[in-house]
Amino acid sequence: MTQKLPQVRGQYRENVELSRVNWFNIGGPAEVVFKPADAEDLGHFLQEKPKNILVTVIGVGSNLLVRDAGIQGVVIRLGRGFTTIEAQGEEIIAGAGALDVNVSVLAAEKNITGLEFLSGIPGTIGGALAMNAGAYGAEMSNVLISAETLDEHGKKHHIPAEKMGFSYRKNSIPKDWIFTSARLKGKFGNSEKILGRMREISASREETQPIRTRTSGSTFKNPPGMKAWELIEKAGCRGLTIGGAQVSEKHCNFFINSGGATASEMEKLFAEVQKRVLEKTGISLELEIKVIGKHA
C-alpha cells in the first residue's frame, strides 16, 4: 500500500501490531503506520495522499480500544517531531505528541503553577485537546490559550481557546483535524507547593486506580452531577468478568485486560455494564474510551 502514498520525510511501516502500542495491549494490526517528521511533513502527507485512503490518528493509546481485526488505511502516530516542550514566561508551548506528565514536569521546573493536574492524566497533549481531558479539579479548557491544527487537506489553523467549543470531554473542532501543538497558560508559583501537589496527585492515583495493570483509564464519562464508578458499583459490576476482560476491583470505572482479553470481550463487558447500570439506575453511561477499528 505504501507505494500509493506520497513521499515523506517521516516513516511508513506496514502491518504494525497495534496491541503493542495501546495500554490495553489489545487489537489487530494497522495496514500502515505513518510517523511524520514534523508538522510540515504531516501537512504534505494530508495534501498529497489519495482521497480514498482512510486516516486514523492515535497517540500513546492510553484511552483507546483497538478492535480485533485492526485498522484499514493509514494510522498516524505523532512521534519525536511533536514532543517539544518549552516555557515562555508563564506560558508553556507543547507539541501534540508531548506526554501530559512531561508538560507538568517542565512547568514545575520553571516554577509555573496551574498545570499540575496534567501529571495525573495518562496520554498526550493532542489527546487531551481532543477530549478536553481533566482530573483533580482542572481540565484543558481552563489552561488552553490556543491550539495549532491541520485540517484534512493539510491546511494550518490557529484556534484560540474560545473558538474550541469545549464541553465535558469534547470540543467542536472537526474530528478529522489533527492537533499539532498547544499554548498553555500558568502563573509563577512556589516550587515546593507545585511539587507537593504533584506528589499528592501521584499518591492518589496509586492508591485509588489500578495503574499497574493493562488498563486504559476511565471507561465511562461521569453523568452530570454523578460519578460513573458509583453507578457501576451500585449495579453490582465491581469485578465483573467476560473472558479476559474485567471491571477493576480497585476502581470500577477502570476496565482491565486480566490476561489474553480480546477487543470483542472488552466491548461485550462495556455493553453488559451499560445494560446493568441502565436497569438498576435508569441512567445510560456514555463511553469515554475511544473504540476504533474493524470487528473480526
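Every number here is computed from the coordinates shown, using simple stated rules; none is lab data. Note that the structure is predicted; figures quoted are calculated from it, not measured. FYI the Cβ positions are ideal-geometry reconstructions off the backbone, even for glycines, and counts take in every protein chain you see.
Projecting each Cα onto the charge dipole of the chain (Lys/Arg +1, Asp/Glu -1 at the beta carbon, about the Cα centre), which of Ile194, Pro50, Thr208 comes out farthest on the positive side?
The residue sitting farthest along the positive end of the dipole is Pro50.
With +1 on each Lys and Arg Cβ and -1 on each Asp and Glu Cβ, and nothing else charged, work out how big the dipole of the chain is about its Cα centre, in Debye to the nearest 20.
For the chain, the charge dipole is close to 320 debye.
For region 142-296, just list the percent of Cα-Cα distances falling in each 10 Å bin from zero outward, please.
9, 28, 28, 27, 8, 0
At 0.36 nm per residue, and after removing the present C-alpha to C-alpha distance, how many nm does the segment from Asn142 to Asn102 gain when stretched out fully?
In short, 12.6 nm is gained.
How far, in nm, would the chain grow between Lys4 and Lys155 when pulled straight, counting 0.36 nm per residue and subtracting the alpha carbon separation?
52.2 nm is the gain from fully extending Lys4 to Lys155.
Using a 10 angstrom cutoff on alpha carbons, build the Gaussian network for the chain and name the most mobile of Ala39, Ala94, Ala235.
Ala235
Nearest-5 percent of antiparallel DSSP beta bridges in the chain?
Restricted to the chain, the bridges split so that about 80 percent are antiparallel.
For the charge dipole of region 33-180, defined by +1 on Lys and Arg C-beta atoms and -1 on Asp and Glu C-beta atoms about the Cα centroid, which residue among Ile112, Ala87, Ile178 has the Cα displaced farthest towards the positive pole?
Ile178
With each run of n ≥ 4 DSSP H residues scored as -39500 (n - 2.57), what mean residue ellipticity at 222 nm is computed for the chain after dividing by its residue count and rounding to the nearest 500 deg cm²/dmol?
The helix-only estimate for the chain comes to -7500 deg cm²/dmol at 222 nm.
In debye, nearest 20, what is the charge dipole magnitude of region 156-296 about its Cα centre with +1 on Lys and Arg Cβ and -1 on Asp and Glu Cβ, if you could check?
So the dipole magnitude of region 156-296 works out to roughly 520 debye.
Using Cα pairs under 8 angstrom and six or more residues apart, how large is the relative contact order of the chain, in percent?
So the answer I get is 18 percent.
Under the rule a/c < 1.5 gives rounded, and otherwise a/b versus b/c splits prolate from oblate, where does region 29-163 land using the Cα gyration tensor?
Here region 29-163 falls in the prolate category.
Let me know the charge dipole size of region 207-255 about its Cα centre in debye, to the nearest 20, where only the beta-carbon of Lys, Arg (+1) and Asp, Glu (-1) is charged.
100 debye
In nm², what is the average projected area of the convex hull enclosing the Cα atoms of region 83-206?
Average projection, Cα convex hull of region 83-206: 7.0 nm².
Pick out which of Lys156, Lys221, Lys280 has the largest mean-square fluctuation in a Gaussian network model of the chain, springs linking Cα atoms closer than 10 Å.
The residue with the greatest mean-square fluctuation here is Lys280.
Measuring from the lowest to the highest alpha carbon on each principal axis, how far does the chain reach, largest first, in angstroms?
52, 52, 30
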